[in-house]
Structures are given as C-alpha cells and as structure tokens.
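Following: one structure in structure tokens, then a few remarks.
Here, each number is a calculation from the coordinates, and none is a lab measurement. If you're wondering where the values come from, they're calculated on a predicted model, not measured in any experiment. Cβ placement follows ideal geometry from the backbone for every residue including glycine, while neighbour counts extend to all protein chains displayed.
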C-alpha cells in the first residue's frame, strides 16, 4: 500500500475508534481488563514504528485514556506527521489535553520545517507559550506580512528573563526597524536586574548599546553575577548615574551573603562617588537589613537609624526581631508600634504586641488582644488562647454533596482521564489532566470534583485547593486522617506524637505521595535518599534507592524514625525538632547557642530563615488540628513548646486535653493566615 494511502487508512482507523470513546466503561470487570491492557499498548504506541498498537488496542475504545495511544504514536513520528493526520486527531478529541499537547508539539515541528502557512493555520493566538508566539511572528515575517511592534513584539521583548531562540527573528526585525532604542534596551536591563537578577540577559543586551552605555550594562551584569569582583573594580568606573546604580546593586547583592564586607565596600566607595539619596538609601537599607538577619550587635541601632522613608515591611519586621533577640521588650514594642496598620494587623504581630504588653505590665491591654486573637484557628490564635485559658476556636464545616453536579462531573472526559491516570498510579499525568479539567469548571464544580477526588483516595487535591476563606473550615478534607493505623504505630515506634507526625506529612508534601523537592527529598515525609539509607541500615529495612521512598509505607516508617531522632537530639522538643527537620540540625544548634534563654515563642520568631520560621509555626498549628481530629480535643500548643533544655515527652492518649469551641460565625471567621498549606 502506498505511504499516502497507509496514512489515510490510519486516520480512518483512528476516527472509527474515537466515535464510541465518549462513553466511559461502566462495568468494573471491563474497566479492570482495560487497565491491564492499556499500559503495554501505550508503550508500544510510543516505540513501535509498525503501528501495530492500533490492532492491539481493540477493546480499549471506551477506555478514558484511549486518546493517549494515538497521541503517543503521533509524538513518536512527529517529524513525518502530516497536517491531515493532526487535524483528524484534533477533530476526534476536541477540547482535550491530548489535543492541546499534539497541537503544541506539531506547531513546534512545523516551525522546525519552516512550514509557516500551515503553522499560522493551526496556531491559536491564545497560547501562553512565548516560543509559539515568537514562531508565529517569524511566520508572519517569512510570509512577507508586517508586524506591529508595540502590539506584537514589545510585550515579548520586555522580559526579565531570556527569550527563546524562536524570538530572534522578531528581535532582528525590531532592531532593523530601529525599534530597539537604547531606552528600551535599558528598560529591559532594569527589568532583568530588579525582577530576575538575571546577569546573563543583561550581558546579552550589552552589545546592543554603544560606548559608555555598553560599559555600564556590562558593569550591571557583573554586579549581579559577582558583586564582590564588581566592587573591587568599581574604583575605576566613571562617576556616572548608571555606574552608581551598578555599585548600589552590587552592594545590595553582596550584603545578602556578607553584610560586613558590603559595609566595608560602601564605606570605601561612598566618598568617591556622588550617590543620590535613593542610591544611598538602598545601600544603607540592605546593609542594615542583612546585618539584622545575622543578628549583628549593631543591627537594632542601624535599623532604628534608618529614615522612615527607607523603611519597608521587611526592615520593620527585622527591627522587631533584632529587639526581641536581645530581650529588649520596650524596643520590641516600639518597633511594633511603628508598623503601618495593614502590617500590624497580621496575627503574628498582634500576638507579639500582646506578649510585649504583658511583659511590660499592661495586662488589661494584652488580655484584650489575646481575646480577639483566640478566635482564630492559627498558630498565634492557639497561643493567644493559652495565654488567657480560653478554648481553641475550630469551626468545622463539611462540603455538601451535590449529586446532580457529581453526575455531570462523572461524564466530563477530561476529569475522567485525570481520575483514571490516578487509578493506575500515573500521578504526573493525572495532575496535568486535573489542571486542564479545572479550567473549564465553575468554582462550585471544582469543589464537587475535589470531593470526588477525596472519595477516590486522591486526597492532596483538597489540601492544595481549600486554602482560603470559608474553605479553611473544611477540616475533614484539609487534614485527612488517612493511614491512621500505620501512622499511629510508626509514630509511637519512633517515640513521637502521632499528631505531630501527621502535621509533618501535611506540611512537607501536602499528602502528595510522589513529591520530590528541589533539594532531592522524596515522598510524603520528604526524606533525603542518604538519610533514608542510613535509617534503613540501622533498622535492617529493605531499601534500594530513592524510588523506594515513593512507597508511602516505607516513607512513613523511615520518616517517623528520623523525626524521633531529631526530637531526641533536642530533649524531645517537637518545635526544635521541627526546625531541624526543615533546616538541618547544624543551623538550629547555632541558633540555640546564640539565643537559648528566649521564650520558645520568641525564639521561633527570631529564626533567621523565613522558610523555617513559617514551617515551625505551621507544623505546630497542624499538630493541634490533627490532635483534635484524632481525639476530639487538644493538647495545648504551649505544652508543645518546652523551654530549651527542658525535657519533653510526647502526650499519650490519656493526657488532659482541652475542648474546642466555635463561637458565633462573625467572631470565628477564619483568617486567611490560618494554617495555610505549603509544601516543604
């Protein structure tokens, strides 16, 4: 059979299979058979050039993932794919992720072929891909069509990050047309330096400038790439506005890593160059701020000396911490008082203000603040309740099932594919289909879909989605008690409170079993492979590598063991062990050596790492909520905060627990700061 006829036959076969695929298989036995059949056919479609997968796919026509077979085949032979085949697939599976995936892949292939006519015929200008948008501009140019610089090119050009190679043609056209003025080049340089700290983009832009401007751009790139080297050579730079800006940028960058050196370099250069008030302010602010983050002895005095117009939310926060770290309660209160109202109203600062008032003998004012805070279900609300002996406020609601909406969602082919990928443990693909399906659903339909996911065992969908407003009250969905028997058993074997173990899982992975972090941590409890290997050896458990950590059973077993070891290192203290679990024990040891006399709640606020500071408060709040979910009452948060050096034993089931309450709705409205979810 000639090749052309063969391809037409394949298209016809594909369309014939597509017709009944809108009806999902409903028979459990049939679905189980299809699940067994699909993986092997899918792999064949990805690899076998004979297209024999089509014959072996008989019986999968009603399977939700059936379009992925045709997609895999077409992706494999994308270099030979015809426009007719692509169009047939897009028509067979409209408004689907497989169709969108093929469209993007084929557009990239058409651009590679420089088949610009077909490219523009297939291109959808609602795409968010910069590469495809730039290819479309290149297509217009290749076909002799004019571009509108302000509408078509400038929005792409003004990017803080590097542009795809596909944008080169449009950039060359703009340069030939005289559109890339030095002012526009500098606008992009400023974007790259302020938003992305992208030295590479600036270095690439420098050749578009001439003379002193080019040199200034190169200095700016160096200031970002290696601020110490830039400042070393800065004495030889001209005393010009852009040179002074580059020096200021270098001071700011260096201060993040070495505030002492930045201070010394600023002292040397500030007398040589005529910095304006804004540049001086930026440099002095950066030096003061980063001396504070390392708790230098002069941190508080430097921050206090900053003019009001140089202060911002970050410097004001660190002024509070610098005073708190020294135990100067008057200075801490003074720093809190100068915060603008929006910042001061954050639960963190309201709680600290109440604590300072109490420390300074202003008990009535403190009690009023504690009483207001105690109506919030967050770390600070729970601590405030402890200060006045009030019940914790946890106002729980349940998601009302809507059978009509559920029935409609069951018929949604995109959602069906998401659930089917989840069922066969292809979680990456499941999440892609889920995200695609959510785009076409209303807010209420999304809520019902999340409820369906929870009943299917896909519990992280609720954890990620229900994180603001009234959804914060959906505690059953947001704090699931899955794997209860295992977690109770393994936590106790590791010598830790099960509620704390639950909280660590919730904070670390949001119950995403295949989670992998940028730091190479894996699974529910985000264990590093090296740590897991050591723990497995110590307990003589089977472990062959990082992939094993995606097994929830092993991950929880090893994770609770590690959590117990961290706790033992700090006299059983769950809050210090949580800090070490996140940041590592070495930094925590340094912080303890420096500030071991602070009250635990004050110590937590002085943790230098923002991520760890928030992690500890989040885990402790989660521990309270999981304690309530497990027992219907709570061990107080304050009792989970032993002073440094004080021994702590995890609570048993018979420990005295406090009841929770739900006041009137207007008093108990959850704060958006309340126990928000974040992956560690």
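From the C-alpha coordinates alone, can you work out the Kirkwood hydrodynamic radius of the chain, in Å?
Here the Kirkwood hydrodynamic radius works out to 29.4 Å.
Would you mind calculating the relative contact order of the stretch 484-668 from Cα pairs under 8 angstrom and at least 6 residues apart, reporting the percent as a whole number?
22 percent
Given a Förster distance of 60 angstrom, what is the FRET efficiency for residue 121 paired with residue 196, based on the Cβ-Cβ distance and rounded to 0.05?
E(calc), rounded to 0.05, equals 0.95.
Can you sort 168, 551 by how many other beta carbons sit within 10 Å, fewest first? Spell out each step's value before the answer.
Numbers: 168 12, 551 16.
Result, fewest neighbours first: 168, 551.
With the cut-off at 1.5 for a/c, could you classify the stretch 403-473 from its C-alpha gyration tensor as rounded, prolate or oblate?
oblate
Work out the FRET efficiency for residue 646 and residue 446 from their Cβ-Cβ distance, taking R0 = 56 Å, and round it to the nearest 0.05.
Details: r = 46 Å, r/R0 = 0.82.
E between residue 646 and residue 446, to the nearest 0.05, is 0.75.
Suppose the chain between residue 655 and residue 593 were pulled fully straight at 0.36 nm per residue; how much longer would it get relative to their current alpha carbon spacing?
Roughly 19.1 nm would be gained on extension.
Give the Debye-formula value of log10 I(q)/I(0) at each listed q (0.12, 0.18 Å⁻¹), with one equal scatterer per alpha carbon of the stretch 280-397, two decimals each.
Each listed q corresponds, in turn, to -0.48, -0.89.
Does the stretch 252-313 come out rounded, prolate or oblate, given a ≥ b ≥ c as the square roots of the eigenvalues of its C-alpha gyration tensor, rounded meaning a/c under 1.5 and, failing that, prolate meaning a/b above b/c?
Taking the square roots of the gyration eigenvalues as a ≥ b ≥ c, the stretch 252-313 is oblate.
Hey, rough spin-label estimate for residue 82 and residue 100, points 7 angstrom out along Cα→Cβ, what's it come to in nanometres?
Calculated label separation equals 2.9 nm.
Would you calculate the convex hull of the Cα atoms in the stretch 205-292 and tell me its volume per residue in Å³? Display every interim value, and only then the final one.
Values: hull volume 7.1 nm³, N = 88.
Dividing the Cα hull volume of the stretch 205-292 by its residue count gives 81 Å³.
Distance from a point 7 Å along Cα→Cβ of residue 492 to each backbone N in the stretch 608-631: keep the residues under 17 Å and list them by number.
627, 630-631
Once you have a ≥ b ≥ c as the square roots of the Cα gyration tensor eigenvalues for the stretch 364-442, tell me rounded if a/c is under 1.5, and otherwise prolate or oblate according to whether a/b is larger than b/c.
Details: a/c = 4.19, a/b = 2.91, b/c = 1.44.
Judged from the Cα gyration tensor, the stretch 364-442 comes out prolate (a/c at least 1.5, a/b above b/c).
Between residue 482 and residue 43, how many nm apart are label points set 7 Å from Cα along the C-beta direction?
2.6 nm
Tell me, what is the FRET efficiency for residue 260 and residue 240 to the nearest 0.05, using R0 = 30 angstrom and their Cβ-Cβ distance as r? If you can, show how the numbers build up before the last one.
On the way: r = 28 Å, r/R0 = 0.93.
The calculated FRET efficiency here is 0.60.
Pull out the extension gain between residue 364 and residue 91, defined as 0.36 nm times the separation in residues minus the alpha carbon to alpha carbon distance; nm, one decimal.
91.2 nm
Suppose each label sits 7 Å from its Cα in the direction of the beta carbon; what would the residue 633-residue 52 distance come out to in nanometres?
In this crude label model, residue 633 to residue 52 measures out at 6.9 nm.
Under the definition of Cα pairs under 8 Å and six or more residues apart, what whole-number percent is the relative contact order of the stretch 276-381?
Normalised by residue count, the contact order of the stretch 276-381 is 17 percent.
Using only the alpha-carbon atoms, what does the stretch 484-668 span along each of its principal axes? Please give whole angstrom values in decreasing order.
51, 39, 31
Restricting to DSSP H runs of at least four residues, report the calculated mean residue ellipticity at 222 nm for the chain, -39500 (n - 2.57) per run over all residues, nearest 500 deg cm²/dmol.
Computed ellipticity for the chain at 222 nm equals -19000 deg cm²/dmol.
How far, in nm, would the chain grow between residue 342 and residue 32 when pulled straight, counting 0.36 nm per residue and subtracting the alpha carbon separation?
So the extension gain works out to 106.0 nm.
Over the chain, what is the relative contact order in percent, taking alpha-carbon pairs closer than 8 angstrom and at least six residues apart?
So the answer I get is 9 percent.
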